[in-house]
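Reading through the structure tokens given below for one structure.
Coordinate-derived values only; no laboratory data. No experiment lies behind these values; they were computed from the predicted model shown. Because the Cβ atoms are built from the backbone with ideal geometry, glycine has one as well, and the counts that use them run over all protein chains shown.
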Amino acid sequence: MSTGPRRTHVVVIFGGESAEHDVSCVTAAHVLRALDPARYEVTAVGITRGGEWVVACDAMHALASGPAGIPARLEAAGDTTHLAAVVAPRDDDAPVVAVPLLHGPMGEDGTVQGLLELAHVPYVGAGVLGSAIAMDKAITKSLLARHGLPQPEHRVVRDLPGADALVHAAVRDLGVPVFVKPANMGSSVGVAKARGADEAIAAARRAFAYDEWVLVEEAVAGREIEVAVLGNESPRASVPGEIVPSREFYDYEDKYLLDGARLLVPAPLEAAQADEVRRLALEVFAVVRADGMARVDFFLEEGGRGFLVNEINTIPGFTPISMYPKLWQASGLTYAGLVDELIALALARHARRRRTTTR
């Protein structure tokens, strides 16, 4: 019988039903490469675009040959499975941790987190409430406003009769240009810049394909600053980074396809500015009740309102050109070390929550 340490069983869940399926498949490939096989037993579970859960056969075969064999992106294809089968306790009673890498609705919004809670499985990232709040940008903005946190002016419109008139009124109130985006989506999917009421109405109709709620936001003339947050009860903030888009704004293509945006890490800020934005990031993290990890995005309106909170992402991208791991690398934490810490945080959070009970 082996006397070596037990390996934690890590279940990486990727793919999903949202429009961010492809981003998730790329993120998962890089996380798999970072998991030390001496410390972790890994199962790759894909969720197809149709919602079927599968053991990702190609990924599992690649894992058997070592991290170098893992492809640039995973495919959510393989043998049908279900959550109970992949998180079942092992004979050696080794701990099980789920790593949901599901960007967008039906994964980042508290749905899968709730499923994992029901299964009593530790998982990386924010809980049900924090995930749901952060996914819904309209609710996030309302909550941040209640806490007095600075943010751009915006209006919220629901897909009901009269929506066009409300978008028109939002443009009148906010001025042009404006950004129109689905309230429940990420990776800049469905986001458009509109230079007039007619463009904004057309953009809102397109955004309603992703969500029944949309945001109409003022266009802030400012620098884009991001901060990575890591931790549970006592989180810490990374050095800030700055994004200089290669396009008119930091859209889906610039984030994941073109690799044209410049990421300045650390951001060229004065020391006082860096301290302030890190403090704000930690405050946003606490307000939305996040846990584990998040990336908080800001605009810096120099000579004006200063830092304005744009949004918080509780499952930020982990692709090679993603800001979250780059910020931690610049803060002294390697990619593999970051993944290790996230798993440890998941186990600690689960143990803490198990001390309270409704039974």
Simple label model, 7 Å out from Cα along Cβ direction - His61 to Arg289, nm:
4.4 nm
Rounded to two decimals, the Debye log10 I(q)/I(0) of region 8-123 (Cα scatterers, no solvent) at q = 0.14, 0.16, 0.17, 0.19 Å⁻¹ is -0.51, -0.67, -0.76, -0.96
Would region 154-218 count as rounded, prolate or oblate if I go by the C-alpha gyration tensor, calling it rounded below 1.5 in a/c and otherwise prolate when a/b exceeds b/c, oblate otherwise?
oblate
Whole-number value, in Å³ per residue, for the convex hull of the alpha carbons of the chain is 150 Å³
Give me Glu20, Glu270, Glu199 sorted ascending by neighbouring Cβ count inside 10 Å, so fewest comes first.
Glu270, Glu199, Glu20
Contour minus end-to-end for Arg90 and Leu160, with contour as 0.36 nm per residue of separation and end-to-end as the Cα-Cα distance?
20.2 nm
Using r as the Cβ-Cβ distance of Ala336 and Arg195, and R0 as 45 Å, what FRET efficiency do you calculate, to the nearest 0.05?
0.50
Förster radius 25 Å - calculated FRET efficiency between His147 and Arg172, Cβ distance, rounded to 0.05
0.35
What is region 154-218's relative contact order, in percent, from Cα pairs under 8 angstrom and six or more apart in sequence?
46 percent
With R₀ set to 30 angstrom, the calculated FRET efficiency between the beta-carbons of Arg262 and Ala348, to the nearest 0.05, is 0.25
Using only the alpha carbons, work out the radius of gyration and Dmax of region 286-359 in angstrom.
15.9, 55
Rounded to the nearest 10 degrees, the helix 163-174 long axis (Cα) sits at an angle to the longest Cα principal axis of the chain of 70 degrees
Which ordering of Asp109, Asp92 is given by a fewest-first count of other beta-carbon atoms within 10 Å?
Asp92, Asp109
Cut-off is 10 Å between beta-carbons; in what order do Leu264, Leu63, Leu32 appear when sorted fewest neighbours first?
Leu264, Leu63, Leu32
For region 120-234, take the convex hull of the Cα atoms, compute a quarter of its surface area, and give me that in nm², please.
9.0 nm²
Tell me, in nm to one decimal, what length is gained between Arg6 and Ala68 on full extension, where the rule is 0.36 nm per residue of separation less the Cα-Cα distance?
19.9 nm
Roughly how tilted is helix 197-207, in degrees to the nearest 10 and between 0 and 90, from the longest Cα axis of the chain?
20 degrees
